[in-house]
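The values are calculated or read from the model by the stated rules, or taken from the named source; none is laboratory data. As the structure is a prediction and not an experimental result, all values here were calculated from the model. As a convention, Cβ positions derive from the backbone with ideal geometry for all residues, glycine included, and neighbour counts pool all protein chains shown.
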Amino acid sequence: MDKHVATVIDKKFFWHKALDNSKECPERLMFIYDNLEKFGYTDKLLMVPSKEASDETICSVHSNLYLSQIKKFALNSNLYAYDKDTYLSEDSPFVAKLAAGSCCALADTIMQESIQKAFALVRPPGHHAEMGRGSGFCIFNNVAITANHLIGKYDLNRILIVDFDVHHCNGTQDIFYDSSKVLVLSVHQADIYPFTGKSEEIGTGEGKGYNINIPVPSQFGDIEYSYIFGNVVQDVVQSYLPQVIIVSAGFDGHVDDPISKINLSARGYGLIANALRSFADKYCDGKLFYVLEGGYNIPSLWSSVKVSLDMLLKDKPDEASFSYSQRAKNIIDKDLPQEIKQKWLVY
Ligand SMILES: [Zn+2]
C-alpha cells in the first residue's frame, strides 16, 4: 500500500519534562507512540526523520533576545523561573527546536507531489508562543515557524492555519496579525486562558480580515462545531484557496479533558478531520498538515488523535455532512464581524 501520510516519531521529545506533575508531560506522547505501535499505525505512516531547527529558523519568528533568554533560563535550577506554566529543563531548548524543525521537515515532505498529508506528533506545543515570549506550555511556535519556512523556501503566499485547540492561539495570531500571507482562524472556548481571541480581533494593515476568531461558550460540542466547520471554515477555504492548510490540533476540548468545558468527543474530532480533509482535497491540492498542540486527558488525547489519523489515512474522505445548530448560528450571526462575513462567507 502506498503511504500517503507522513509523521515524525522521536523519543527525544520525552526529554522535555518537569519533575512535578505538569499536565504537559512526556506521558502524553508516550501513550500515543505506544498505541501507534500496538495498533499497527507505524506500518501505515511514512516516517520522516526528526530534525532540529537552526537558530536562524527559530528566529524567522522569534527574537534573538527571546531565544537567548530561553537558553539561559533552561540552566536555572528552578524549572519555573521563566513562567509559572512553561517549565524549562536543561534539554528543553533542544527539544523545542526539535519540534519546530521536525514540523518544517514534514512540511517539506508534503510539498512533494506524492505525499500530501502529515501529522506532527511532537511536543512541547507552540501556539501560545509569541515573537518575544513563551507561555502556556509553549516555547517556540511550531506552526508559525512552519508557515514562515514554507513562505521562505517555496514562496507560498496563502497559508491557512486552522486552530481548534480549546485555547485561543494568541501567539500565532500575534505573529501574523499584519500579514495576508497567513490567514489564522481559531475556534476556541471564550473567556478562558489566555483571555484573547475576541471576534473583533480581525488583523491590521495588510492582514486586516486575515484573522478570524470564533470564541464559543462552554458546553458547545460535536453538533455546534460541525455547524461552524460547515458554515464558516468551509467558506473561508473556498474563498481564500490556501496552498496548504496547517492545523493547530489541540484535543483539550474533549469532554473528558480536565482543563476546559467544551464537550467534543473523539467522534467529533473525527468529523472535523474528515471536514478539513475534504476541504483540502477539494480546494487545496490535498495539502493538510496536522500539528499536535494541547490535550491533557491522555486516553482521550489518544482516541482523538487516532480517529483524526484514520480520516487522513483513508483513500478519500467520507461525504462531508454538517449538523444544524441554532446556537452556533446565533454566535456566527451575532458575533462574526461584518467585514469578515463579506470578505469570506459564501452566500
Ligand atoms: Zn490548549
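List of remarks:
- Residue match in segment 333-345 (condition: at pLDDT 95 or above, polar (S, T, N, Q) and within 27 Å of Ile259 (Cα to Cα)): no
- Test: residue in segment 114-123 that is closer than 18 Å to Val182 by Cα, assigned to a loop (DSSP other than H, G, I, E, B) and within 16 Å of the ligand (Cβ to nearest atom): no
- Residue that is nearest to the ligand (Cβ to nearest atom) [pool: residues in segment 124-153 that are of a type in the set (S, T, N, Q) and more than 12 Å from the chain's Cα centre (by Cα)]: Ser135
- Segment 186-203: number of residues that are surrounded by fewer than 24 Cβ atoms within 10 Å (Cβ to Cβ), touching a residue at least 40 places away in the same chain (Cβ under 8 Å) and farther than 14 Å from His128 by Cα: 4
- Of all residues in segment 150-178, those that are within 20 Å of Met111 (Cβ to Cβ) and out of contact with any strand residue (DSSP E or B) (no Cβ under 8 Å at 6 or more places or on another chain) total 5.
Residues checked against (1) small (Gly, Ala, Ser); (2) under 27 Å from Arg158 (Cβ atoms):
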{"residue": "Leu288", "(1), (2)": "no, yes"}
{"residue": "Val291", "(1), (2)": "no, yes"}
{"residue": "Leu301", "(1), (2)": "no, no"}
{"residue": "Ser308", "(1), (2)": "yes, yes"}
{"residue": "Asp315", "(1), (2)": "no, yes"}
{"residue": "Asn330", "(1), (2)": "no, no"}
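- Unmet criterion (only one of (1) within 17 Å of Lys12 (Cβ to Cβ); (2) out of contact with any strand residue (DSSP E or B) (no Cβ under 6 Å at 6 or more places or on another chain)) for Gly126: (2)
- Matching entry among Ile228, Ile246 (being assigned to a strand (DSSP E or B), hydrophobic (A, V, I, L, M, F, W, C) and out of contact with any Pro (no Cβ under 9 Å at 6 or more places or on another chain)): Ile246
A quick yes/no check of all residues on (1) touching a residue at least 60 places away in the same chain (Cβ under 8 Å); (2) within 15 Å of the ligand (Cβ to nearest atom):
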{"site": "Ile245", "(1), (2)": "yes, no"}
{"site": "His254", "(1), (2)": "no, yes"}
{"site": "Asp257", "(1), (2)": "yes, yes"}
{"site": "Leu264", "(1), (2)": "no, yes"}
{"site": "Arg267", "(1), (2)": "no, no"}
{"site": "Lys306", "(1), (2)": "yes, no"}
{"site": "Lys316", "(1), (2)": "no, no"}
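- Qualifying residue in segment 222-238 (condition: aliphatic (A, V, I, L, M), closer than 25 Å to Ile115 by Cα and within 15 Å of the ligand (Cβ to nearest atom)): no
- Annotation: of all residues in segment 154-173 being within 14 Å of Tyr210 (Cα to Cα) and more than 16 Å from the ligand (Cβ to nearest atom), the one that is surrounded by the fewest Cβ atoms within 10 Å (Cβ to Cβ) is Asn157.
- All told, Leu271 falls short of being within 16 Å of the ligand (Cβ to nearest atom) and crowded, with 24+ Cβ neighbours inside 10 Å.
- Hits in segment 22-34 - residues which are out of contact with any Leu (no Cβ under 7 Å at 6 or more places or on another chain) and buried (at least 16 other Cβ atoms within 10 Å of the Cβ): Ser22, Lys23, Glu24, Cys25, Pro26, Tyr33
- Scanning segment 277-286 for any residue that is within 16 Å of the ligand (Cβ to nearest atom) and polar (S, T, N, Q) turns up nothing.
- Residue check: Val291 meets all listed conditions (1) of a type outside the set (Phe, Trp, Tyr); (2) surrounded by 22 or more Cβ atoms within 10 Å (Cβ to Cβ); (3) away from the ligand (no atom under 16 Å from the Cβ) but one, namely (3).
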